[in-house]
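Structure first, then comments.
Any read-out appearing in this document is the output of simple, stated calculations on the displayed coordinates, not a laboratory observation. Just so you know, these numbers come straight off a predicted model, no measurement behind them. Using ideal geometry, Cβ is built from the backbone for each residue, glycine included, and neighbour counts are taken over all protein chains shown.
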Amino acid sequence: MKECLIVGKTHAGKTMFALNFAHYLGITKLDITFRCPSGLVESKTYSITTARRELVGPAPHTTRALQSIVLDLPVGKGSKRCLFTDTSGLIDHIHADVEIRRAIAQTLGAIREADLILHLVDAAAVGLQGAPSALGEVDYQVAQFAQMRTGYAILANKMDLSEAPAGLAKLRQEFPGHNIIPISALYKRGFREVKAFVQRCL
Ligand SMILES: Nc1nc2c(ncn2[C@@H]2O[C@H](COP(=O)(O)OP(=O)(O)OP(=O)(O)O)[C@@H](O)[C@H]2O)c(=O)[nH]1
Ligand SMILES: [Mg+2]
């Protein structure tokens, strides 16, 4: 089964996207497998409401494990299975908390193994110096590493916010030649395009 990894800076909206995209594909009971940096693996079942409440964070570094959902996407006359994996958010500096450093190292390891990479960027925070989800060095590094694959797209998230169109324009300038899909994970906008992209890559 191919793995589609959702990566990006902390607070970009990765978990909101993972949960709402699964919901958009018709999954109402979310079976999520957590692979913790410690090696612990556990699964838990959520309703979409509970998952959003418990897993989407008001503050950075909410996700601290690889959190996977199995998705079935229609491809041709059949369907293809894909492991859709949310990750711990990246930062530009070295974090003081060892648990967060381990979680970030786990994300970086997963990037090397992934078949497809969806790189979430907070379009509303692109130019916000100092904001956790502002566009940063690590975004350029991910883009440079991942562009060698066919299955790489940048998802410009939070397009429902007024600052986002300017951020999207800047992203298009900074990442020329990349596939950039504007979305709102919160309102499930742009999901048709994301689905078509993932289907093409499976
Ligand atoms: N307006 C708006 N807010 C969003 C959107 N997507 C996520 N958010 C908000 O952004 C914040 C961070 O969302 P998360 O999904 O937890 O972000 P994350 O990238 O998983 O963060 P980490 O797990 O810390 O790396 C939350 O307050 C969400 O409600 C969006 O499309 N629009
Ligand atoms: Mg998260």
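Here are a few things to note about the model shown:
- With a cut-off of 9 Å between beta carbons, the residues surrounding Lys2 carry a summed charge of 0, where Lys and Arg count +1 and Asp and Glu -1.
- The chain: antiparallel DSSP beta bridges as a percent of all, rounded to 5: 50
- Here the scattering of segment 139-202 is modelled by Debye summation over its C-alpha atoms, one equal scatterer each and no solvent; at q = 0.13, 0.27 Å⁻¹ the log10 of I(q)/I(0) is -0.36, -1.23.
- Under 21 Å from Lys170, Cα to Cα: lysines that are on another chain or at least 8 residues apart: Lys9, Lys14, Lys158
- Annotation: lysines with alpha-carbon distance below 22 angstrom to Lys77 (same-chain offsets under eight excluded): Lys2, Lys195.
- Global form of segment 64-201, assessed from the alpha-carbon gyration tensor, a/c cut-off 1.5: oblate
- Efficiency of FRET from Cβ geometry, Gln173 and Ser79, R₀ 41 Å, rounded to 0.05: 0.65
- Exposure proxy order (Cβ contacts within 10 Å, fewest to most) of Leu19, Leu128: Leu128, Leu19
- For His95, His11, order by how many other beta-carbon atoms lie within 10 Å, fewest first: His95, His11
- Considering only alpha-carbon pairs that sit under 8 angstrom and 6 or more positions apart, the relative contact order computed for the chain is 25 percent.
- Electrostatic bookkeeping for Ala124 treats Lys and Arg as +1 and Asp and Glu as -1; over the other residues with beta carbon under 14 Å from its beta carbon, the sum is +1.
- Computed per residue of the chain from DSSP H runs no shorter than four, each worth -39500 (n - 2.57), the mean residue ellipticity at 222 nm is -10000 deg cm²/dmol.
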